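**Student:** If you scroll down you'll find the structure; I have some questions about it.
The values are calculated or read from the model by the stated rules, or taken from the named source; none is laboratory data. Just so it is clear, the model here is predicted, and its values are computed rather than measured. Ideal geometry is used to build each Cβ from the backbone, glycine not excepted, and the neighbour counts take in all protein chains shown.
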Amino acid sequence: MRSRRKQREVKRHPPEWAEALNRAILESALDCIITMDASGRVREFNPAAERVFGFSRAEAVGKELAELIIPSRMREQHRRGLAHYLKTGEGPLLGKRIEIAALRRDGSEILVELAIAAYKIEGSPVFTAYLRDMTERLRNDRRRIAQYNVASLLAGSSTLAEAGAQLLEIIASSGDWVFGAIWLHDEAAGGLRCRTVWHPAAEGLAKFADLSRSITFAKGKGLPGRVLGLKEPTWIYDVTHDPNFPRAPVAAEADLRGAFAFPLFAGREVNGVIELLSHKVVEPDPDLLQMVEAFGSQIGLFIERRRIQRELQREKENAEAANAAKDKFLATLSHELRTPLTPVLIWAGGTLNQSDLNPEIKEGLQMVCRNVELEARLIDDLLDLTRISRGKLQLQLQAADAHELLQHALEIVRRDIEDRHLELSVSLEASSHDVMVDPPRLQQVFWNVLRNACKFTPDHGTVSVRSHNPSPKSITVEISDTGIGIEPQFLDKIFDAFEQIDSHREGLGLGLAISKAIIEMHGGSVRAHSEGLGKGATFVIDLPLDRTH
């Protein structure tokens with residue numbers, strides 16, 4: 001009953017109602033709807049088709065479809081397909097969606113998505129084509145690809161000069177651009193200078209490219225200068241009629257019309273401009289503006305990052321050159337200082353061996369020997385520091401007894417301990433003390449640390465030496481004193497060359513720097529502890545044991 005009632009309701013609608021409904025659907029459809037009869041002529045052409053193809057309905061209806069919107073190279077194929085369907089009732093495109101080229105009134109081609117339906121009216125075949133303009137989708141696809149390609153290119157490039165031409169080609173491919181240029185700051189010229197250009201080889205744009213390379217634009221002048229001043233993208237509808245486009249005559253010769261340029265930002269500052277030109281006049285495009293905003297930030301940051309890297313590299317090279325000059329100077333100075341000391345030491349030592357030497361003279365000669373030896377030690381430290389900084393210090397490794405080397409170092413400083421009336425406490429608790437080291441170098445480290453302990457401990461103070469095995473694989477030597485101590489802020493600096501705990505004491509502050517380097521070359525470590533000024537200090541030396549013993 002309900003079904004029959006609906007049928008009666010439908011039958012009540014007059015034919016005019018159905019016609020009005022069909023017309024409303026045609027006129028409101030977002031896609032193009034074109035109807036063609038068996039002769040290939042247009043019978044319906046909806047408003048969407050008018051907008052896309054540029055023909056009015058009155059112009060289109062009655063025209064052969066092949067001559068209206070089908071590119072000339074495809075018309076014969078279209079006619080053969082229509083004839084084949086009329087003969088056989090078969091059409092390979094019916095009921096399918098395909099992408100195909102279509103022709104606009106202005107002669108330009110666009111890509112459309114096409115679906116065709118065939119049916120009969122009063123026994124005669126009628127075809128309805130549903131077409132969707134793919135221009136916007138293709139443009140968006142091209143722009144997404146361009147954004148990806150720009151990011152990939154910049155990631156793999158060292159300089160803008162290396163990437164420039166390819167970068168412009170990628171950006172130009174996102175639209176109908178035939179010329180691109182990168183303009184960067186030129187401090188000497190006081191404006192923007194063209195650093196890179198791109199254009200297809202066959203476009204006849206070489207003269208315009210040469211002119212662009214030869215000129216500089218100040219802020220506000222020309223298209224690049226305008227972008228520099230405004231700090232925003234700028235369009236020119238037709239450069240040949242723009243009063244602020246100095247290259248207009250040459251652009252007209254090259255048939256260049258529309259132009260667009262956008263800034264390259266580093267933070268808030270413009271550090272360059274990219275300029276694009278087309279053979280067509282161009283209208284502002286919001287989507288393009290959004291895309292180039294991303295490009296501008298990407299490329300601007302790339303330029304700034306590479307500039308900073310170049311500056312850092314220059315600073316590094318300058319520092320390396322300064323260090324090399326310093327090392328050479330120290331090596332030369334050390335050699336020149338050592339040469340005159342040798343005969344002085346030989347003479348003083350020989351004179352001290354005389355049995356009838358006056359006590360006062362003997363004491364004076366002993367002082368001379370001590371100071372010459374101290375001077376020689378300072379020179380040796382300078383040479384060691386130079387070798388370490390150049391990576392030239394070589395170790396002669398061999399099996400040795402760490403306790404024995406420590407005892408030798410204690411013997412060397414025993415005179416200082418006795419002269420200062422210091423109390424010496426030695427507790428060698430390490431049960432394993434065989435090490436693979438350069439013996440003279442390790443003894444030098446022990447002597448340096450012990451000498452510092454004596455030097456910075458007041459008379460009648462205490463110097464303690466202790467060894468132990470924190471693990472089966474290592475030995476630790478701790479040298480402590482009750483001296484002046486170390487302020488917390490200096491604990492990390494005392495192992496730096498030329499750093500001194502107390503500037504009133506003799507020395508250049510090289511011993512600890514050299515000691516740290518030597519210990520680390522042995523695979524060990526050295527560190528300092530102190531509770532602060534007046535509370536003494538402890539130096540802890542860790543070394544790996546010789547596993548062959």
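**Student:** Do you know which of the residues in region 76-105 that are of a type in the set (A, V, I, L, M, F, W, C) and under 17 Å from Thr35 (Cβ atoms) is surrounded by the most Cβ atoms within 10 Å (Cβ to Cβ)? Give the steps one after another, and end with the answer.
**Tutor:** Keep residues of region 76-105 that are of a type in the set (A, V, I, L, M, F, W, C), which gives 82-83, 86, 93-94, 98, 100-103.
Among the residues that remain, those that are also under 17 Å from Thr35 (Cβ atoms) are: 82, 86, 93-94, 102.
Working: Leu82: 19, Leu86: 13, Leu93: 15, Leu94: 13, Ala102: 22.
Taking the candidates together, the pick is Ala102.
**Student:** Moving on to the next point. Please state which one of Ile121, Ile33, Ile69, Ile110 is exposed (fewer than 13 other Cβ atoms within 10 Å of the Cβ), of a type in the set (A, V, I, L, M, F, W, C) and either outside the structural domain of Gly175 (by TED's automatic domain parsing) or more than 21 Å from Met134 (Cβ to Cβ) (or both).
**Tutor:** Details: Ile33 fails: exposed (fewer than 13 other Cβ atoms within 10 Å of the Cβ); Ile69 fails: exposed (fewer than 13 other Cβ atoms within 10 Å of the Cβ); Ile110 fails: exposed (fewer than 13 other Cβ atoms within 10 Å of the Cβ).
Just a single option satisfies the conditions, and that option is Ile121.
**Student:** Another question about this same structure. Go over the candidates Val368, Val372 one by one and state the one that is modelled with pLDDT under 75 and either among the charged types (D, E, K, R) or assigned to a helix (DSSP H, G or I) (or both). If you could, list the steps in order and put the result at the bottom.
**Tutor:** Working: Val368 fails: modelled with pLDDT under 75.
When all the criteria are applied, what remains is Val372.
**Student:** Are there any pairs, at least 6 apart or on different chains, whose C-beta atoms fall under 6 Å, with the first in region 536-549 and in contact (Cβ under 8 Å) with a residue 40 or more places away in the chain and farther than 10 Å from His433 by Cα and the second of a type in the set (Lys, Arg) and not in a loop (DSSP other than H, G, I, E, B), and if so, which?
**Tutor:** Listed pairs, sorted by first residue: Val540/Arg527.
**Student:** Take region 383-411 and flag every residue that is closer than 15 Å to Asn448 by Cα, in the same structural domain as His433 (by TED's automatic domain parsing) and acidic (Asp, Glu).
**Tutor:** Across region 383-411, the qualifying residue is only Glu411.
**Student:** From the set of residues in region 59-77 that are small (Gly, Ala, Ser), touching a strand residue (DSSP E or B) at 6+ places or on another chain (Cβ under 9 Å) and in a helix (DSSP H, G or I), which is nearest to Ala24 (Cα to Cα)? Before you say what the answer is, go through the steps one by one.
**Tutor:** Taking region 59-77 as the starting set, the residues that turn out to be small (Gly, Ala, Ser) are 60, 62, 66, 72.
With the extra rule that they be touching a strand residue (DSSP E or B) at 6+ places or on another chain (Cβ under 9 Å), the set shrinks to 60, 62, 72.
Still in the list and also in a helix (DSSP H, G or I): 60, 72.
On the way: Ala60: 19, Ser72: 33 Å.
Here the answer is Ala60.
**Student:** Could you grab me the full set of residues in region 93-123 that are part of a strand (DSSP E or B), more than 19 Å from Phe45 (Cβ to Cβ) and over 49 Å from the mean Cα position of the chain (by Cα)?
**Tutor:** Leu94, Lys120
**Student:** Which residue pairs have Cβ atoms closer than 6 Å, lie 6 or more positions apart in sequence or on different chains, and pair a first residue in region 168-186 that is in a strand (DSSP E or B) with a second residue that is hydroxyl-bearing (Ser, Thr, Tyr)?
**Tutor:** Ala181/Ser212; Ile182/Thr196
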